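Report on the structure given below.
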Amino acid sequence: MSCIQPEIKSRLGLVHVYTGCGKGKTTASLGLAFRAAGRGLEVLMIQFLKPPENYGEHISAERFPNFTIFPMGLDHMVSEVPREKDIAVARETLARAKDEIYSGKYDLVILDEINVAVDWKLLDSDEVIDMLRGRPKNIEIVLTGRGASREIIDYADLVTEMLMVKHPFDCGISARKGIEY
């Protein structure tokens, strides 16, 4: 692994939001992660709402010594009425995210599906923003997931909305290994 050039790290510190109903939010964050890892930056992805299963990104990240993924979800998607265990797991995941971000070990941290956790009322926008405000300087943060709150959008430096125009799910094609997961 190459040394990080000081000018790369000195220019980090922005907050990105990838949201919207279209496909590609996690995929876009992974593209950024692999670009950063390729430049020698330390990358962490913490996955809200995703269990530790055999996702393709986990297999790929293992090939990079400077890219770590922590899947911290349960084995189910939360229903419209969150259960206490779902709230507890989301709060534990946010606490872990804060610990990892504040440790200073990482240059890029992706909080995958955190916007969904906020949208489903498992977390509150204000607590997420407070955590981000107190983070060490020069850590780039990415928040993914549909339904990003107005507060998070307003706080972010970069916001991209994925728009669904057409999707194979509409024709009955289910998620495929290597493409959707």
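What does the charge count around I69 come to, taking other residues whose C-beta lies under 11 Å from its C-beta (Lys +1, Arg +1, Asp -1, Glu -1)? It works out to a net charge of -2. Residue by residue, region 157-164 carries 3J(HN,Hα) couplings of 8, 9, 10, 10, 10, 7, 9, 8 Hz when phi is fed to the Karplus relation 6.51 cos²θ - 1.76 cosθ + 1.60 (θ = phi - 60°); x denotes Gly or Pro.
I need D124, D86, D157 ordered by Cβ neighbour count within 10 Å, fewest first.
D157, D124, D86
Between L12 and K166, full extension at 0.36 nm per residue minus the direct alpha carbon distance yields a gain of 52.0 nm. Listed cross-link partners K23/K137; K137/K166; K85/K137; K98/K177; K105/K166; K50/K121 are compared with a 28 Å cut-off, the Cα-Cα value being larger for K23/K137; K137/K166; K85/K137; K98/K177; K105/K166. Listed values for region 110-126 are Karplus-derived 3J(HN,Hα) couplings in whole Hz (6.51 cos²θ - 1.76 cosθ + 1.60, θ = phi - 60°), namely 9, 9, 6, 6, 5, 4, 5, 4, 6, 4, 7, 6, 7, 9, 10, 3, 4, and x replaces Gly and Pro. Around the amide H of L143, modelled in the peptide plane, lie the amide H atoms of H16, V17, Y18, L111, all under 5 Å away and 5 or more residues distant in sequence or on another chain. In the neighborhood of N138, defined by Cβ-to-Cβ distances under 10 Å, what is the net charge if each Lys or Arg adds +1 and each Asp or Glu adds -1? Net of charged neighbours comes to +2.
FYI, it's all coordinate maths here, none of it is from the lab. Small disclaimer: the values here were computed from a predicted structure and weren't measured. A quick note on method: Cβ atoms are made from the backbone with ideal geometry, for glycine too, and the neighbour counts reach across all protein chains shown.
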